[in-house]
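Structure first, then comments.
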Amino acid sequence: MRLEDDIRGMPIQQIYKRDGSLVPFDRFKILRAIHKSFMEVGEGSVELSEKLCNQVIDILENNFPSDIPAVEEIQDTIERTLINDGHNNIAQAFVVYRQKRKEIREKQECGLIENIPYKNIWNGLIWSLDHSCETINKLNAHIKNGTYPQLVKDAEGVYEQELDKIVANILKKRDVIRMIIVSGPSSSGKTTTTERLAEKLKTHNIELVKLTVDNYFKGLNSYLKDGHGDYDFEGPEALDLPLINEHLAKLIKGETIQVPRYDFKTGYREKGTDPLRIKENQFILIDSHFGLYDKLTESIPTNFKFGLYLETLCQLRMSNGRFVRWTDIRMLRRMIRDMQYRAYDPKKTAGHWHYVRRGELKNLIPYITKANYIVNTSLPYELPILKHKLFKYFPDIIQAYKDDQGRQDAYIRAQRVYDLLSTIEIWSDESVVPQQSLLREFIGGGIYH
């Protein structure tokens, strides 16, 4: 008997796909799924697969005499049939098969192709076109015409909708998830996103227990310096990975851990620690740009994790027709944050940025495909405010690196950003930015810390 045997005249003529559309019933897809599950564990035969396939169809015909079954109902029936027939190991292989297929669908829904989230980029561009802010000239026009505050409100609304979508996805898997990871490059808005998600999930009786990975940085004496005396702490190796995994494994078991404290101003851990444990209705939450890096959470099973990847997918065109670089926006955010919270002047941030980019390309970009959801954290209105905060520093930054042959990357970057900001109108009234806004994470004045 061949797997391709065609049968006709089945009472079930159609099924519902996951998107609600009707398609013709295909017996062979059931047969193939069962047979693949047997092949995964090196057991079974075509005849046994045929037998089980017929049992599944019999159940469907009896349970759905007048209704049309859905794909998920058919897959549930396959799983139960395998178990009832004594093939528990095959049923487990089928569960794994379903999960793999689901992950593929989710990646396709994200529009993720070769680590580039094209669907998110496209949606961002369409939104900018609809709100007349896809070019710098049009962004400036909002300031000149007095419509800038409305643009801020609309952009914040989009971010709110994204958070609601994420929560909906998490709720679908709440019985399995034990950890939520918010990952993304430097200054992509991880801290605010985790705080906002925690608030929303709490309304569904889900509490997030945050493990701050930054507390696991090693002391400065553990890092190497380059020829300029600059520390490289932008790779996951800068974190105490064994201790993180030890603590995560204990948290999953319900044990109490002692979280270290790291002082960014001194570059070393403090002597004190903070106790932390999770309860039954709690998830571990990690916000780290290395969050999706395999070795960071390797002590936790994959199906226990729900990963987010954040990026400033800005779709703003300059006068030369090119789009503003995402990394330049994030560098501006980080320059402000470093000034306010880490005693780091803007010149040093600009000079250190090559480490940031190197770490992102090596340790972040390759892991985008592991995310369950990709979030665009670009705010179409933010450049006029960022200019107000930083523009005055750039002439000195450019001058400092202009003749430094070892830091030409910093000079080129600073000059490029200075030229960009020179074309943008300033907005100095920060009161238009809501206190819960992601931008407050950098400019200050927000409700999150």
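If we keep just the residues of the range 222-254 that are assigned to a loop (DSSP other than H, G, I, E, B) and surrounded by 14 or more Cβ atoms within 10 Å (Cβ to Cβ), which is modelled with the highest pLDDT?
Within the range 222-254, the subset assigned to a loop (DSSP other than H, G, I, E, B) is 223-224, 226-230, 232-235, 240, 253-254.
Narrowing the set further to residues that are surrounded by 14 or more Cβ atoms within 10 Å (Cβ to Cβ) leaves 223, 230, 232-235, 240.
On the way: TYR223: 47, ASP230: 54, ASP232: 52, PHE233: 52, GLU234: 54, GLY235: 65, ASP240: 87.
So, considering only residues that are assigned to a loop (DSSP other than H, G, I, E, B) and surrounded by 14 or more Cβ atoms within 10 Å (Cβ to Cβ), the one modelled with the highest pLDDT is ASP240.
State all residues of the range 317-372 that are within 16 Å of GLY189 (Cβ to Cβ), out of contact with any His (no Cβ under 8 Å at 6 or more places or on another chain) and not in a helix (DSSP H, G or I); if no residue qualifies, say none.
Of everything in the range 317-372, just one residue is within 16 Å of GLY189 (Cβ to Cβ), out of contact with any His (no Cβ under 8 Å at 6 or more places or on another chain) and not in a helix (DSSP H, G or I), namely ALA371.
Can you tell me which residue in the range 155-172 is surrounded by the fewest Cβ atoms within 10 Å (Cβ to Cβ), limited to those that are under 24 Å from PHE306 (Cα atoms) and among the hydrophobic types (A, V, I, L, M, F, W, C)?
Residue satisfying both the conditions and the ranking: ALA168.
Name every residue in the range 403-449 that is closer than 17 Å to ARG334 by Cα, part of a loop (DSSP other than H, G, I, E, B) and of a type outside the set (A, V, I, L, M), in order of residue number.
Once the filter is applied, which keeps residues that are closer than 17 Å to ARG334 by Cα, part of a loop (DSSP other than H, G, I, E, B) and of a type outside the set (A, V, I, L, M), the range 403-449 yields SER437, GLY444, GLY445, GLY446, TYR448, HIS449.
Would you mind telling me which numbered condition in (1) surrounded by fewer than 13 Cβ atoms within 10 Å (Cβ to Cβ); (2) in a strand (DSSP E or B) ARG18 fails?
For ARG18, the exception is condition (2).
Among the numbered criteria (1) closer than 24 Å to GLN161 by Cβ; (2) out of contact with any Pro (no Cβ under 7 Å at 6 or more places or on another chain), which one does VAL432 miss?
Exception for VAL432: condition (2).
Across the range 21-43, what is the number of residues that are among the hydrophobic types (A, V, I, L, M, F, W, C), more than 34 Å from the chain's Cα centre (by Cα) and not in a helix (DSSP H, G or I)?
1
Considering the range 330-344 alone, what residues qualify as being charged (D, E, K, R) and in contact (Cβ under 8 Å) with a residue 24 or more places away in the chain? Walk me through it before giving the result.
Residues of the range 330-344 that are charged (D, E, K, R), as a first pass: 330, 333-334, 337-338, 342.
ARG330, ARG333, ARG334, ARG337, ARG342 - these are the residues of the range 330-344 that are charged (D, E, K, R) and in contact (Cβ under 8 Å) with a residue 24 or more places away in the chain.
Here's a check for you: in the range 138-154, which residue that is farther than 16 Å from THR423 by Cβ and among the β-branched types (Val, Ile, Thr) is surrounded by the fewest Cβ atoms within 10 Å (Cβ to Cβ)?
Per the criteria, the residue is THR147.
Could you tell me how many of the residues in the range 301-325 are of a type outside the set (S, T, N, Q) and surrounded by fewer than 19 Cβ atoms within 10 Å (Cβ to Cβ)? Write out each step before concluding.
In the first step, residues of the range 301-325 are kept if they are of a type outside the set (S, T, N, Q); the result is 301, 304-311, 313-314, 316-318, 321-325.
In the following step, the residues that additionally are surrounded by fewer than 19 Cβ atoms within 10 Å (Cβ to Cβ) were identified as 301, 304, 317-318, 321-323, 325.
Number of matching residues: 8.
Can you work out which of the residues in the range 263-282 that are part of a strand (DSSP E or B) and among the polar types (S, T, N, Q) is nearest to ARG196 (Cα to Cα)? Break it down stepwise before answering.
Step one: list which residues in the range 263-282 are part of a strand (DSSP E or B), which gives 263, 268-276, 282.
Then keep just the ones that are among the polar types (S, T, N, Q); that gives 273, 282.
Numbers: THR273: 26, GLN282: 16 Å.
So the residue we want is GLN282.
Give me a count of the residues in the range 259-283 that are surrounded by 13 or more Cβ atoms within 10 Å (Cβ to Cβ), within 30 Å of ALA343 (Cβ to Cβ) and among the β-branched types (Val, Ile, Thr).
2
Any idea which of (1) at pLDDT below 90; (2) out of contact with any strand residue (DSSP E or B) (no Cβ under 6 Å at 6 or more places or on another chain) is the one ARG269 doesn't satisfy?
It fails just one condition, (2).
Among the numbered conditions (1) surrounded by 13 or more Cβ atoms within 10 Å (Cβ to Cβ); (2) touching a strand residue (DSSP E or B) at 6+ places or on another chain (Cβ under 7 Å), tell me where VAL23 comes up short.
(1)
Out of LEU285, LEU310, which single residue is in the same structural domain as PHE391 (by TED's automatic domain parsing), closer than 19 Å to TRP353 by Cα and not in a helix (DSSP H, G or I)? Explain how you work it out, then say what you get.
Values: LEU285 fails: closer than 19 Å to TRP353 by Cα.
One residue alone meets the criteria, LEU310.
From the list ARG413, ARG407, which residue is in the same structural domain as ALA141 (by TED's automatic domain parsing), modelled with pLDDT under 95 and under 23 Å from SER319 (Cα atoms)?
Details: ARG407 fails: under 23 Å from SER319 (Cα atoms).
Among ARG413, ARG407, only ARG413 is in the same structural domain as ALA141 (by TED's automatic domain parsing), modelled with pLDDT under 95 and under 23 Å from SER319 (Cα atoms).
Which ones in the range 188-207 are touching a Phe, Trp or Tyr at 6+ places or on another chain (Cβ under 7 Å) and at pLDDT 95 or above?
The one that is touching a Phe, Trp or Tyr at 6+ places or on another chain (Cβ under 7 Å) and at pLDDT 95 or above: ILE206.
The values are calculated or read from the model by the stated rules, or taken from the named source; none is laboratory data. Owing to the predicted nature of the structure, the values given are computational and were not obtained by experimental measurement. Every residue, glycine among them, receives a Cβ derived from its backbone with ideal geometry; neighbour counts consider all protein chains shown.
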